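The structure appears below as structure tokens.
The values are calculated or read from the model by the stated rules, or taken from the named source; none is laboratory data. Source: prediction; values computed, not measured. Quick reminder, even Gly has a Cβ in these numbers, built from the backbone with ideal geometry, and neighbours come from all protein chains shown.
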Amino acid sequence: MKVLLVRPPYSRLRGTGQIPYFPLGIGYVAASLEKNGIESAIYHIDVLRSSNKSPILDERVVFDLRSRAQTNYMNSIADDNHEVWNEVRETLAMYNPDMLGVSLMTVEYPAALKVSRIAREFNPAIKIVWGGFHATSMPESSLANDEVDIVVAGEGEVTTVNLCKALESGGDLDKVTGLYLKKPDGTVYSTGHTPIIENLDDIPHPARHLRLYPESWEPLYLSSLVTSRGCPFRCTFCGARNLWEKKFRQRSPENVVEEIRSLVENHKTNHIMFFDDTFSLKKSYGMAMCKAISESKLNVVWTTGTRVDKVDEELLAAMKEAGCVYIDLGIETGSERMSKIIKKDITKEMVHKAVGMINRSGIASSAFFMAGFLEETYDDLQDTLDMIKAIDTTHISLNVWDPMPGSDLFDQAVELGVVAKDQDFADFPLWPDRHFAARMDPEIFTERCNEVAAYVYDYNMSFRAYYRKVRPKVLTLLRRDPGYLAYRIAGRMREWVKSKRSRNCNN
């Protein structure tokens with residue numbers, strides 16, 4: 001049996017977006033399939049195969065062009081001859097899978113459906129399986145599509161292996177837990193719950209070697225990893241607990257270092273991105289992880305994220321010594337009223353204390369904020385702007401809240417009629433094409449958001465912010481790996497010369 005595991009395109013179709021990091025979810029699934037003798041490949045469609053890279057747009061442009069980017073996205077979905085869909089057809093013809101596994105977020109729903117329809121046209125007998133955050137949160141509406149046969153809910157490693165074995169042997173799928181299936185009349189039912197994997201070290205490392213078109217992948221794309229799963233917190237805007245459940249589990253430091261070593265030796269990346277929700281949730285584990293990285297002598301630099309109430313001076317010192325150069329802080333709002341409503345459970349005092357400790361440590365930092373929560377008022381939005389101006393992080397990120405399935409806020413939005421109960425996610429406009437802040441006028445809210453965005457952009461583009469962001473990484477590499485630092489500087493110089501020549505030719 002041949003399985004093609006897919007992350008659908010999003011940024012490529014919009015024309016703006018994030019770096020296409022390796023999809024860890026299907027990477028773990030592919031590794032588990034390989035361990036059980038089942039052939040699979042990973043196809044991350046957002047990774048460009050051509051040398052013509054998408055234009056790099058700065059943060060302000062990306063914010064201002066949200067509506068246009070969404071229009072580009074939906075127009076690309078409708079264009080059957082778009083280069084992305086032709087590439088998908090070529091890939092299906094090349095690999096010829098028996099099963100297509102699609103892992104998707106809600107915003108990727110239209111593209112996931114398009115990929116599934118192309119696969120069904122290519123092979124009417126192919127089994128099409130959806131998984132990931134959206135499918136786990138919305139199995140019934142996912143299976144309402146004729147192109148979707150099965151939903152894998154929650155952690156996919158064990159369930160997908162058992163599903164493939166049952167499909168190969170002609171076994172009874174009802175006996176495979178962790179699935180949502182549909183009867184001939186369209187009724188959707190669950191086959192029961194697959195227990196979570198207690199020991200994460202039992203899962204083989206993500207199968208990066210099984211990615212298709214490896215020549216198109218830059219080393220940085222492969223640098224993501226996680227040390228843990230699960231989140232014990234209760235933020236109402238987040239649906240992570242739906243996928244990982246509430247129990248927090250961590251890999252052993254030795255297992256993580258083994259994966260880092262593989263990234264350095266096999267994929268030539270010295271910059272690691274820890275994608276954990278809360279890296280420093282348990283101080284003792286954070287200290288042990290930092291010790292293991294330091295003792296490995298791998299000379300990597302790394303970034304991670306955490307909560308402000310989990311910042312500790314002793315741990316920060318250990319993180320810096322181990323190569324940490326950047327920390328993302330999820331603050332979300334400057335309003336303590338809203339912080340309680342969204343159950344973020346942090347205070348302004350905690351925020352300023354954490355930022356102060358990080359600044360004293362010499363590590364760069366970023367603060368994440370959101371505007372336009374369901375019950376947010378103009379006063380709450382002003383509190384957020386006041387905090388953005390008051391804190392002294394290296395970088396500030398601003399986004400506008402959109403309701404995502406699996407979160408408590410999405411359910412509340414449905415109850416209030418802000419989102420339809422039978423929402424068609426193939427056509428789910430987001431802000432600014434749709435307004436979700438129930439207590440604010442759309443035009444006034446948009447005007448004020450643009451004012452905040454202008455301040456954030458000016459702040460992030462200042463020389464001081466750039467210097468503070470780059471300095472920790474440069475100093476760390478200068479001390480630990482000057483050869484790699486010289487290599488990166490030379491690469492940046494080549495990019496600068498190339499872009500300057502391009503501008504001169506265009507002029």
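When Asn162, Asn145, Asn123, Asn72 are screened for being of a type outside the set (Val, Ile, Thr) and either modelled with pLDDT under 95 or within 24 Å of Pro20 (Cβ to Cβ) (or both), only Asn72 passes.
Applying a threshold of 7 Å to beta carbon distances and a minimum spacing of six or more residues, or different chains, the list of pairs starting in segment 405-423 at a residue that is free of Cβ contacts under 8 Å to residues at least 24 places away in the same chain and ending at one that is outside any helix (DSSP H, G or I) reads Val414/Lys421; Val419/Pro403. Screening Gly330 against (1) under 22 Å from Tyr455 (Cβ atoms); (2) modelled with pLDDT of 95 or more; (3) of a type in the set (Gly, Ala, Ser) leaves a single unmet condition, (2). Residues of segment 262-283 include at least one that is of a type in the set (Ser, Thr, Tyr) and either out of contact with any strand residue (DSSP E or B) (no Cβ under 8 Å at 6 or more places or on another chain) or free of Cβ contacts under 8 Å to residues at least 12 places away in the same chain (or both). For Glu495, the criteria (1) touching a Phe, Trp or Tyr at 6+ places or on another chain (Cβ under 8 Å); (2) of a type outside the set (Lys, Arg); (3) at pLDDT below 85 hold in every case but one, which is (1). Taking the numbered list (1) touching a residue at least 24 places away in the same chain (Cβ under 8 Å); (2) more than 25 Å from the chain's Cα centre (by Cα) in turn, Glu295 passes all entries but (1). One residue stands out in segment 209-236 among those that are at pLDDT below 90 and in contact with a strand residue (DSSP E or B) (Cβ under 9 Å, 6 or more places away or on another chain): the one that is surrounded by the fewest Cβ atoms within 10 Å (Cβ to Cβ), namely Pro219. Note on segment 4-34: residues that are within 30 Å of Leu65 (Cα to Cα) and of a type in the set (Ser, Thr, Tyr) amount to 4. Taken together, Gly305, Gly239, Gly286 contain a single residue that is assigned by TED's automatic domain parsing to the domain that holds Leu475, among the small types (Gly, Ala, Ser), over 22 Å from Arg360 (Cα atoms) and in contact with a Phe, Trp or Tyr (Cβ under 7 Å, 6 or more places away or on another chain), which is Gly239. Within the bounds of segment 60-67, is there any residue that is assigned to a loop (DSSP other than H, G, I, E, B) and either of a type in the set (Phe, Trp, Tyr) or modelled with pLDDT of 95 or more (or both)? The answer is no, given that none of the residues of segment 60-67 is assigned to a loop (DSSP other than H, G, I, E, B) and either of a type in the set (Phe, Trp, Tyr) or modelled with pLDDT of 95 or more (or both). For segment 15-51: of the residues being among the polar types (S, T, N, Q) and more than 14 Å from the chain's Cα centre (by Cα), which is nearest to Ile260 (Cα to Cα)? This residue is Ser32. Close Cβ contacts (under 8 Å, 6 or more residues apart or on different chains) running from residues in segment 427-443 that are touching a residue at least 60 places away in the same chain (Cβ under 8 Å) to residues that are in a loop (DSSP other than H, G, I, E, B) and aliphatic (A, V, I, L, M) comprise Phe436/Leu374; Phe436/Val418; Phe436/Val419; Ala437/Leu374; Ala438/Leu374; Ala438/Leu416; Ala438/Val418. The set of residues in segment 343-367 that are touching a strand residue (DSSP E or B) at 6+ places or on another chain (Cβ under 8 Å) and over 25 Å from Leu475 (Cα atoms) comprises Lys344, Ile346, Val351. The criterion of at least 3 residues that are farther than 18 Å from Val3 by Cβ, in contact (Cβ under 8 Å) with a residue 40 or more places away in the chain and hydrophobic (A, V, I, L, M, F, W, C) is met by none of the strands (runs of 3 or more DSSP E) falling completely within segment 86-185. For Glu314, the conditions (1) touching a residue at least 24 places away in the same chain (Cβ under 8 Å); (2) surrounded by fewer than 22 Cβ atoms within 10 Å (Cβ to Cβ); (3) over 30 Å from Arg261 (Cα atoms); (4) of a type outside the set (Gly, Ala, Ser) are fulfilled apart from (3). For Met338, are the conditions met, namely being surrounded by 19 or more Cβ atoms within 10 Å (Cβ to Cβ), out of contact with any strand residue (DSSP E or B) (no Cβ under 6 Å at 6 or more places or on another chain), modelled with pLDDT of 95 or more and closer than 26 Å to Glu451 by Cβ? Spelling it out, Met338 is indeed surrounded by 19 or more Cβ atoms within 10 Å (Cβ to Cβ), out of contact with any strand residue (DSSP E or B) (no Cβ under 6 Å at 6 or more places or on another chain), modelled with pLDDT of 95 or more and closer than 26 Å to Glu451 by Cβ. In the set (1) farther than 25 Å from Asp80 by Cβ; (2) at pLDDT 95 or above; (3) outside any helix (DSSP H, G or I); (4) not small (Gly, Ala, Ser), Pro9 fails one condition alone, (1). The set of residues in segment 312-347 that are over 19 Å from Lys389 (Cβ atoms) and of a type in the set (Ser, Thr, Tyr) contains only Tyr326.
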